[in-house]
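The values are calculated or read from the model by the stated rules, or taken from the named source; none is laboratory data. The model shown is predicted, which means the values in this text are computed figures rather than measured ones. Cβ placement follows ideal geometry from the backbone for every residue including glycine, while neighbour counts extend to all protein chains displayed. When the accessible area is computed, the model is the full protein with side chains, heavy atoms only, and any ligands, DNA or RNA have been set aside. Shrake-Rupley method; radii C 1.70, N 1.55, O 1.52, S 1.80 Å.
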Amino acid sequence: MARNMIKLLAVVLSLALLGGCASVIKPIPAQDLNPKLKSGALVQKTNNFEVIMDTSASMEDPYTWNHFAYTAPLKTTKIEYEQHLVRLFNDTIPSLKLTAGLRDFAGERWLTRPFVTKLWYGMAPYVKEDLGKSIFEVNTYGVESPLEAALDAATADLKPLAGKSAVIIFSDGLEMQKAVAAATAMKAALKDNVCIYAVQIGPDNITADYPQGEGKTLLDKVVKAGQCGFLVNGKDIETAGGMANFVEKIFLGPPAAPAPAAGPVGPELPPGAIAQLDTIYFDYDKYNVKAEFKDVVKKNADYFKANKANNVLIAGNCDERGTNEYNMALGQRRADSAAKALKAAGVEEKRIKTVSYGEEKPVCKEAVEACWSKNRNASFYVMKP
């Protein structure tokens, strides 16, 4: 709080100028994620979201950053940069049915701000244009940084809502140590129905002003208290491509894999298999297990850890492009990569076997990307003891 007190006078003098400055920054054209939805490659996984913006006095600090439309770096404030990122975030969200909210947090101010957190938009059906207007209504206020109050309020906002929720915090992470306890309480109240994400505004490394890496350390703890979600720095998402990747991971995911097979072994299962668990998917010509499928691997690993009598067969598959020989080798690399991830999740190596089917067992046979993406996979089979 001490360092913020010094800045308070400057904040008061500059408030009248701040809102007008932020709105003149040219928007970055957002990347369109709707084609991925229409193709069936991705589906909606989040039903509600609430953005939390830091409007405390430290957000009045100068901040220099790069913008595609300007030849020289922009010299603004952290809150103007924050508003720019939140606008790009809003513009990038694809056409989904969502319930949304926008909340801020800052210290109280005599007469002009008799509260520490305010819901500027929602909770309401998501309308991109309306949320976009609310982003530039917020401004810097008192010196305190009561993120914990915003998290407590967001917990109450989200608790009545059905489905999965995402909380996205934009902040410098400075002087808000009570926030970790509030994030822990949010997770306890909403359980698996909430994930917490954070965007750090400011340097993500140790600097002269912040020798302990204070902001990044605090926000990382807040995200980890949520047990899902992740932390990024503003510079990682200030481009259209970076933001699209961020938004996609929050709102979209692969289609749900079929439930484990029941009853007699069907013709689609390999010999000796009694069920199929969730499948993971790969990018074209790749075999690394993507971060978005870590939860799938963990879920499958939990099954095998709970059913120690069963073993697992992992089959690597490819789309039809490439030669048979190449795809057999690629399928094996995919199976081996999935096996390595399953072992890292706690399944004994001796219980895991792998096989490559190459392009021989497609689940979809149309020569389009929507089908090819389904055929690039590693399938997990439960084998008889």
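So here's what we get for this one:
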| read-out | value |
| --- | --- |
| Hits in region 345-381 (condition: assigned to a loop (DSSP other than H, G, I, E, B) and among the charged types (D, E, K, R)) | Glu348, Glu359, Glu360, Lys361, Lys365, Glu366, Arg376 |
| Residues located in region 329-362, provided they are open to solvent by 10 Å² or more (accessible area, probe 1.4 Å) and closer than 14 Å to Met383 by Cβ | Ala339, Glu348, Lys350, Arg351, Ile352, Lys353, Thr354, Val355 |
| Output for region 269-309, where each listed residue is surrounded by 17 or more Cβ atoms within 10 Å (Cβ to Cβ) and in a helix (DSSP H, G or I) | Phe293, Val296, Val297, Asn300, Ala301, Tyr303, Phe304 |
| Boolean, Leu33 is farther than 25 Å from Ala179 by Cβ and open to solvent by less than 10 Å² (accessible area, probe 1.4 Å) | yes |
| Scope region 276-311; condition under 29 Å from Glu369 (Cβ atoms), in contact (Cβ under 8 Å) with a residue 40 or more places away in the chain and touching a Leu at 6+ places or on another chain (Cβ under 8 Å); matching residues | Gln276, Asp285, Tyr287, Val297, Asn300 |
| Failed criterion for Ala370 (all others in (1) touching a Ser or Thr at 6+ places or on another chain (Cβ under 8 Å); (2) touching a residue at least 40 places away in the same chain (Cβ under 8 Å); (3) closer than 21 Å to Leu269 by Cβ hold) | (3) |
| Restricting region 85-114 to residues that are in contact with a Ser or Thr (Cβ under 8 Å, 6 or more places away or on another chain) and outside any loop (DSSP other than H, G, I, E, B), the residue that is surrounded by the most Cβ atoms within 10 Å (Cβ to Cβ) | Phe105 |
| Qualifying residue in region 310-328 (condition: buried (at least 17 other Cβ atoms within 10 Å of the Cβ), among the hydroxyl-bearing types (Ser, Thr, Tyr) and not in a helix (DSSP H, G or I)) | no |
| Considering residues of region 39-77 that are within 25 Å of the chain's Cα centre (by Cα) and among the aliphatic types (A, V, I, L, M) only, the residue surrounded by the fewest Cβ atoms within 10 Å (Cβ to Cβ) | Val43 |
| Number of the exception - Lys224 against (1) open to solvent by 40 Å² or more (accessible area, probe 1.4 Å); (2) part of a strand (DSSP E or B) | (2) |
| The listed residue being open to solvent by 10 Å² or more (accessible area, probe 1.4 Å) and in contact with a strand residue (DSSP E or B) (Cβ under 6 Å, 6 or more places away or on another chain), out of Pro160, Pro146, Pro203 | Pro146 |
